[in-house]
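**Q** Have a look at this one before I ask anything.
The values are calculated or read from the model by the stated rules, or taken from the named source; none is laboratory data. Computed from a predicted structure; not experimentally measured. Using ideal geometry, Cβ is built from the backbone for each residue, glycine included, and neighbour counts are taken over all protein chains shown.
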Amino acid sequence: MKIGILGVGNIGATLTRRLSLAGHQVKVANSRGPETIPAAVTAAGGEAVHAQDVVSDVEALVISIPTLAIPGIKPLIDDLPAGAVLLDTSNYYPFRDGHIAALDDGQVESLWVSDQLGRPVVKAWNAILAGSFAQKATPAGSPHRIAIPVAADADDARALGLSLVEQTGFDGFDAGSLADSWRQQPGAPAYCTDLTRHELPAALAAAVASRSPKRRDLAISIAGELMSDPSAFRGDDFLLQVARLIYP
């Protein structure tokens, strides 16, 4: 499959490697040019290209960029082939993205992204820590394999998202429509807590929309305090423990 990836942060870089290893023809771009993309990102076979080229002649495009940057890529998305599936890994964090009124007022993040870009998205790979995504992939059928929720309005687009998640080393879990994808947003019990497909349904069902932003911000406050003192910061496993403590 021909796949474009826009964004080479921790999630985008891992996606480039995993999907290339799965046999897909992968192009990857950032906002600064292909010469700025580390060789390690494309070592498994991906091709670094300019942003305008990452949307051409692809069957799927994954956007893995900060929420505040999403409105600015609308011209690129306008050039995406009509039949291509658009997948989104983003999460809204006001400390990084600034305050976006619609999201602060409760609009579901994936619906806001769809509105900004003028076409529906598949929400996938947003609810896993970058460290877990890079280090905890396992073969299908493995005990305790981590599950990643996937939400979309179109059944065929959701099926593609589920398949691609499986190919990156995790169980894809059908999380329903975009309207329900607030259940996998930051602060919700299913967010970045490394649950299995058997544990995930209860976590999704337990989400309370009014609580998630408060818990998101509390987790960020704790993580920020830890990262301000490198000697105290304990890495992604500690972030996982914080998420499991705060989000349920």
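**Q** Mind checking which pairs have a first residue in region 67-85 that is more than 15 Å from Pro120 (Cβ to Cβ) and a second that is among the acidic types (Asp, Glu) and surrounded by 12 or more Cβ atoms within 10 Å (Cβ to Cβ), Cβ under 6 Å, 6 or more apart or different chains?
**A** Hits for this filter: Thr67/Asp97; Leu68/Asp97.
**Q** Hey, can you tell me all the residues within region 109-163 that are part of a loop (DSSP other than H, G, I, E, B), surrounded by fewer than 16 Cβ atoms within 10 Å (Cβ to Cβ), small (Gly, Ala, Ser) and free of Cβ contacts under 8 Å to residues at least 40 places away in the same chain?
**A** Ala140, Gly141, Ser142, Ala154
**Q** Can you say whether Ala209 is closer than 17 Å to Asn91 by Cα, over 16 Å from the mean Cα position of the chain (by Cα), part of a loop (DSSP other than H, G, I, E, B) and not polar (S, T, N, Q), as far as the supplied structure shows?
**A** So Ala209 passes the test.
**Q** Moving on to the next point. Please note which helices (runs of 4 or more DSSP H) are completely contained in region 9-91 and include at least 2 residues that are out of contact with any helix residue (DSSP H, G or I) (no Cβ under 8 Å at 6 or more places or on another chain) and not β-branched (Val, Ile, Thr).
**A** In region 9-91, the matching helices (runs of 4 or more DSSP H) lie at 10-21, 74-78.
**Q** In addition: Somewhere in region 104-113, is a residue of a type outside the set (Lys, Arg) and out of contact with any helix residue (DSSP H, G or I) (no Cβ under 9 Å at 6 or more places or on another chain)?
**A** Checked region 104-113: at least one residue is of a type outside the set (Lys, Arg) and out of contact with any helix residue (DSSP H, G or I) (no Cβ under 9 Å at 6 or more places or on another chain).
**Q** I've got another one for you. Which count do you get for residues in region 145-163 that are among the basic types (Lys, Arg) and touching a helix residue (DSSP H, G or I) at 6+ places or on another chain (Cβ under 6 Å)?
**A** Adding up the residues that qualify gives 0.
**Q** For region 217-226, does any single residue satisfy the condition of being outside any helix (DSSP H, G or I), modelled with pLDDT of 90 or more and within 20 Å of Ser181 (Cβ to Cβ)?
**A** No: zero hits.
**Q** With the requirement that a residue be of a type in the set (Gly, Ala, Ser), touching a residue at least 24 places away in the same chain (Cβ under 8 Å) and out of contact with any Phe, Trp or Tyr (no Cβ under 6 Å at 6 or more places or on another chain), what does region 188-217 give you?
**A** Those that are of a type in the set (Gly, Ala, Ser), touching a residue at least 24 places away in the same chain (Cβ under 8 Å) and out of contact with any Phe, Trp or Tyr (no Cβ under 6 Å at 6 or more places or on another chain): Ala188, Ala190, Ala203, Ala206, Ala207, Ser212.
**Q** Among the residues of region 87-103, count how many are without any contact (Cβ under 8 Å) to a residue 40 or more places away in the chain and either surrounded by fewer than 16 Cβ atoms within 10 Å (Cβ to Cβ) or more than 14 Å from Pro213 (Cβ to Cβ) (or both).
**A** Residues meeting the conditions: 7.
**Q** Would you mind finding the one in Gln52, Gln116, Gln135 that is touching a Pro at 6+ places or on another chain (Cβ under 6 Å), under 26 Å from Pro34 (Cα atoms) and not hydrophobic (A, V, I, L, M, F, W, C)?
**A** Of Gln52, Gln116, Gln135, the one residue that is touching a Pro at 6+ places or on another chain (Cβ under 6 Å), under 26 Å from Pro34 (Cα atoms) and not hydrophobic (A, V, I, L, M, F, W, C) is Gln116.
**Q** Every residue in region 49-59 that is surrounded by fewer than 24 Cβ atoms within 10 Å (Cβ to Cβ) and touching a Lys or Arg at 6+ places or on another chain (Cβ under 8 Å), please.
**A** Once the filter is applied, which keeps residues that are surrounded by fewer than 24 Cβ atoms within 10 Å (Cβ to Cβ) and touching a Lys or Arg at 6+ places or on another chain (Cβ under 8 Å), region 49-59 yields Val49, Asp53, Asp57, Val58, Glu59.
**Q** Going by what's in this entry, would Val58 be described as touching a strand residue (DSSP E or B) at 6+ places or on another chain (Cβ under 6 Å) and under 23 Å from Ser132 (Cβ atoms)?
**A** Considered against the rule, which asks whether it is touching a strand residue (DSSP E or B) at 6+ places or on another chain (Cβ under 6 Å) and under 23 Å from Ser132 (Cβ atoms), Val58 comes out as no.
**Q** Within region 22-34, how many residues are farther than 21 Å from Glu166 by Cα and touching a strand residue (DSSP E or B) at 6+ places or on another chain (Cβ under 8 Å)?
**A** Matching residues across region 22-34 total 3.
**Q** State which residue pairs qualify: first residue within 15 Å of Cys192 (Cβ to Cβ) and inside region 220-248, second residue at pLDDT below 80 and assigned to a helix (DSSP H, G or I) in any location, beta carbons under 8 Å apart, and separation of 6 or more residues or different chains.
**A** Pairs found: Phe238/Leu226.
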